[in-house]
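K.L.:
Provided herewith is a single structure, encoded as structure tokens, for subsequent inquiry.
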């Protein structure tokens, strides 16, 4: 069953081989979507897109630059004529304690995670509004809900909590235009960000806090994004969906 046949999807921060963005791009392509992979590096974006098939596109995009986001969307619309889905996945994290957060670190984390989500959404929303349809999926985090995760500092929690507030405001503002906005809150997922950064003791401590007793897979977060991007969730907007193995039940 192709849930996204004939749909055109844009996914930010999707060039990383084992990341959530690329897993989502792969699943979307399997379900019939034509995908644009956006990341900082043009070559890496193109390579990731080519791995999905010739019809997919890889483009360089710094989501913290509004003019760049607008230009990329213009380029895609010239090529495709439509954008149906946006997944705001681009994000960075830093393991810094609250009293040690420097201004530059705060700016970097807030800019990519929160400002980038705003700018890319601003770039696609006028087009979606014109067509009276669209689905936006924003990547938040369990750390937004519980005030800290395994790796991210307090500024990461703040940025990802900001994504939740922005998602709900977006959902409310554009519901009448048949545009849905939802957030995904992953817990501890095995990706490049977490690989090799933990001692065995830290790792087992983290797993002890997860009722399902294991790290999540990128593909399991991607499955949730697929649900929120497809018509299966046609009446779902303004929600935050937890993908955390039970590590936060609320």
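K.L.:
Show that you can apply the helix-only estimate: for the chain, add -39,500 (n - 2.57) for every DSSP H stretch of four or more residues, divide by all residues, and state [θ] at 222 nm to the nearest 500.
P.N.:
Computed mean residue ellipticity for the chain: -13500 deg cm²/dmol.
K.L.:
Calculate how steeply helix 218-229 sits against the longest principal axis of the alpha-carbon atoms of the chain, using the helix alpha-carbon long axis, and give the answer as 0 to 90 degrees to the nearest 10.
P.N.:
It works out to around 40 degrees.
K.L.:
For residue 92 and residue 199 in one chain, what is 0.36 nm times their gap in residues minus the Cα-Cα distance, to one decimal in nm?
P.N.:
So the chain would gain 36.4 nm between residue 92 and residue 199.
K.L.:
Now, a different point. Cβ neighbours within 10 Å, averaged per peptide: list 173-179, 137-143 in order, most packed at the top.
P.N.:
Result, highest mean Cβ count within 10 Å first: 137-143, 173-179.
K.L.:
Okay, next question. Report the gain in length on full extension from residue 131 to residue 250: 0.36 nm times residue separation, minus Cα-Cα distance, nm rounded to one decimal.
P.N.:
39.2 nm
K.L.:
Here is a follow-up. Once the piece of chain linking residue 50 and residue 236 is laid out straight, how much longer is it, given 0.36 nm per residue of separation minus the C-alpha distance between them?
P.N.:
Working it through step by step, the gained length comes to 63.7 nm.
K.L.:
Please give the direction-averaged projected area of the C-alpha convex hull for the chain, in square nanometres with one decimal.
P.N.:
13.1
K.L.:
Connecting C-alpha atoms closer than 10 Å in a GNM of the chain, tell me which of 238, 148, 213 has the biggest fluctuation.
P.N.:
Per the Cα network of the chain with a 10 Å cutoff, 213 tops the list.
Laboratory data are not the source of any read-out in this text; all were calculated from the coordinates shown. Predicted model only: the values in this text are computed from it and were never measured. Because the Cβ atoms are built from the backbone with ideal geometry, glycine has one as well, and the counts that use them run over all protein chains shown.
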